[in-house]
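Novice: Following this message is one structure expressed as structure tokens.
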Amino acid sequence: MWTVLLDSPLPMHPRRLLERVEELGGGSLRTRGSFWLPTRPGTACAWDGGGGQLSIGALRAWQAGERRSRILVTGRGEASSERVRRAFAEALATPEEMERSAWPAADDDGLSPWLGAQEPEVEGAGGDAPGRGWIA
């Protein structure tokens with residue numbers, strides 16, 4: 001049995017998150033935490049997975065200074081903690097990508113079925129408050 005805390009001030013890159021969701025939340029892993037997306041900078045997103053199922057959803061607006069991507073992962077047996085760490089690092093937006101002044105709202109981030117409509121480009125915008133959805 002092992003436990004790893006994945007933690008970064010960087011957001012998850014929407015496309016790479018979807019590409020690595022199985023590595024981060026599939027199989028026998030138990031995962032729980034929150035994350036943020038540059039396409040939804042004002043929304044804290046929940047992450048809750050176990051038994052091969054993963055639920056993500058919008059929680060609330062971030063409070064000043066608390067925005068992070070943080071997921072606690074517990075696994076056992078053949079699931080590799082190094083594989084999970086690598087998938088998390090690869091799913092994060094890079095500092096170079098974050099130098100963009102704003103991620104265009106017109107670019108669909110692919111997560112609307114689970115998180116609702118994207119918020120405007122304005123930092124800290126509230127956006128819709130959708131429920132949670134299963135993605136794996």
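Novice: Would you report the distance distribution of C-alpha pairs in segment 1-47 as whole percents per 5 angstrom bin, up to the bin with the largest distance?
Specialist: 5, 17, 28, 29, 14, 5, 1, 0
Novice: Could you give each residue of segment 20-25 its phi-based ³J(HN,Hα) in whole Hz, using Karplus coefficients 6.51, -1.76, 1.60 with θ = phi - 60°, and x for Gly or Pro?
Specialist: In residue order, the calculated couplings are 10, 4, 5, 5, 8, x Hz.
Novice: Report the convex hull volume per residue for segment 2-100, counting only C-alpha atoms, in Å³.
Specialist: Here the figure is 85 Å³ per residue.
Novice: Please list, in order, the residues from segment 66-100 whose amide nitrogen is less than 12 Å from a point placed 7 Å along the Cα→Cβ vector of THR3.
Specialist: Inside the label zone: 72-75.
Novice: While we're here: Given a cut-off of under 8 Å on Cα pairs at least six residues apart, what relative contact order in percent is computed for segment 2-100?
Specialist: Across segment 2-100, relative contact order equals 40 percent.
Each value in this text was obtained by applying a stated rule to the coordinates, not by laboratory testing. Bear in mind that the values here come from a model prediction, so they are computed numbers and not experimental data. Virtual Cβ from ideal backbone geometry, glycine too; neighbours counted across all protein chains shown.
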